[in-house]
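Before any comments, here is the structure.
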Amino acid sequence: MNIQIQENVPLAPMTTFGIGGPARFFAEVQVEEEIREAIAWAKTRNVRLLLLSGGSNILVPDEGLDALVVRLTSNEFSFAGSELEADAGCDLFQLIKAAAERKLGGWEKLAGIPGTIGGAVRGNAGAFGPEIKDFVTRVRAFDTELCDARQFDNNACDFSYRHSFFKDHPEWLVTRVWLTLSSVDTSLSLRLIEETIREREKRHIQNVRAAGSFFVNPVAPQEVRGQFEKEKGIKSREGRVPAGWLIEKVGLKGARIGGAVASEQHPNYIKNDDNATAAQVKELAQKIKDAVREKFGVELQEEAVVL
Ligand SMILES: Cc1cc2nc3c(=O)[nH]c(=O)nc-3n(C[C@H](O)[C@H](O)[C@H](O)COP(=O)(O)OP(=O)(O)OC[C@H]3O[C@@H](n4cnc5c(N)ncnc54)[C@H](O)[C@@H]3O)c2cc1C
């Protein structure tokens, strides 16, 4: 066997939240053959198989995970013309910078979203307008139930706001991604990347001990949308209102349970402010959901994966 199975491996340092207990079993995998080995190993021991990538959209429970947690560490990438082919484990930010050096871009506003390209495809990550779906042409993914790989074109990925086929089908692991980028001037592209990071810092959504937006921006009834549009002077998109605005409206901006805080600057970021536990984060999230449901009749759904 090529893969090395470790026991009781702390997961908190592998997540941006910095929260949670150990994985009972843990392995790093690179190629599909190693994924197959991990699946077979988990099957014979009757334990669940879970994938962790950049750990920037996940809350690990305090007691840890009674599972085999695998981490995709493959991070090779190459360019051919305007196409970028990248292993799922590649860091998104590194890819955006490497593309700029090759005079390729168009996706600079995604700079600063932590995590891997595989994770970004699974959640159709986006910021300031563009989403990863705007650049993806093809995806290779591995079905952990049938132990088989398949290619998906952009349509088959079924992308929509913070959603893809892979989100609904966690048995599929994205292993490789092909993207088509536009021709850009390297220095302009690098400048746009820097400006994007500065904007994220200004908005307090950069380098936060959190999992990004905790809730998806929900579709809201007409009167709630009207209230939002009147107050903010901006049109709601796809019938959605920002979850952070709803949280502010129910008076829970800055709310704290133990070390878990709904950020003052960006209330949809639940932060680990001071040794928060997963239980505290979950309790605060529940409090927010209850308050928003009661006041607005809107059901908030988690964007972060709460295990
Ligand atoms: C400070 C901060 C800011 C953020 N800002 C943004 C933002 O602006 N826009 C945005 O969209 N998101 C944002 N996020 C959320 C997060 O960065 C994205 O969701 C990111 O794409 C997750 O990728 P990851 O590799 O870290 O996934 P992980 O957190 O490791 O995994 C998340 C889920 O995806 C699954 N997954 C991971 N990799 C794969 C794969 N290869 N195939 C199949 N499933 C997979 C995992 O099993 C898990 O269920 C932010 C997060 C933080 C901490």
- Task: For segment 59-107, state the average projected area of the convex hull of the C-alpha atoms over all orientations, rounded to one decimal in nm².
- Result: 4.7
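With Kirkwood's inverse mean 1/r over C-alpha pairs for Rh, give me the Rg to Rh ratio of segment 81-130, two decimals please. Provide the component values of the computation, followed by the final result.
Numbers: Rg = 10.2 Å, Rh = 11.1 Å.
Radius of gyration relative to Kirkwood radius: 0.93.
Rank these for me by crowding, VAL29, VAL139, going from fewest to most other beta carbons within 10 Å.
Values: VAL29 23, VAL139 27.
Ranked by crowding around the Cβ, least crowded first: VAL29, VAL139.
Quick one: net charge of VAL305's neighbours, Cβ under 10 Å, K/R +1, D/E -1?
Residues near VAL305 contribute 0 overall.
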- Calculated on alpha-carbon atoms, Rg and Dmax of segment 100-175 in Å: 12.8, 40
- Message: Defining a contact as two alpha carbons under 8 Å apart and six or more residues distant in sequence, what relative contact order in percent does the chain show?
- Response: 17
- Item | All-pairs alpha carbon distance profile, segment 228-307, 5 Å steps from 0, percent | 3, 15, 26, 25, 18, 8, 5, 1
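Please compute the contact order of segment 222-306 in relative form: average sequence separation of alpha-carbon pairs under 8 Å and at least six residues apart, divided by the residue count, as a percent. Don't skip to the answer; put the middle values down first.
On the way: 95 pairs, mean separation 17.3, N = 85.
Taking the mean separation of contacting Cα pairs over the length of segment 222-306, I get 20 percent.
Taking the number of other C-beta atoms within 10 Å as the exposure measure, put THR175, THR137 in order starting with the fewest. Walk me through the numbers on the way to the answer.
Numbers: THR175 21, THR137 14.
Sorted ascending by nearby Cβ count, the order is THR137, THR175.
What translational diffusion coefficient, in µm²/s and rounded to a whole number, does the Stokes-Einstein relation yield for the chain at 10 °C and a viscosity of 1.306 mPa s, taking the hydrodynamic radius as the Kirkwood radius over Cα pairs?
On the way: Rh = 20.3 Å.
Stokes-Einstein gives a translational diffusion coefficient of 78 µm²/s.
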- Query: So what does the Cα-only Debye profile of segment 12-58 read at q = 0.20, 0.32, 0.33 Å⁻¹, as log10 I(q)/I(0), no solvent term?
  - Reply: -0.75, -1.19, -1.22
- Item | segment 1-68 versus segment 164-206: alpha-carbon centroid distance in Å | 25
- Among ILE5, ILE205, which comes first, then next, by fewest other beta-carbon atoms within 10 Å? ILE5, ILE205
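Read the figures in this text as sums done on the coordinates, not as results from a lab. All values derive from a computational prediction rather than experimental measurement. Note that we place each Cβ from the backbone using ideal geometry, even for glycine, and neighbour counts take in every protein chain shown.
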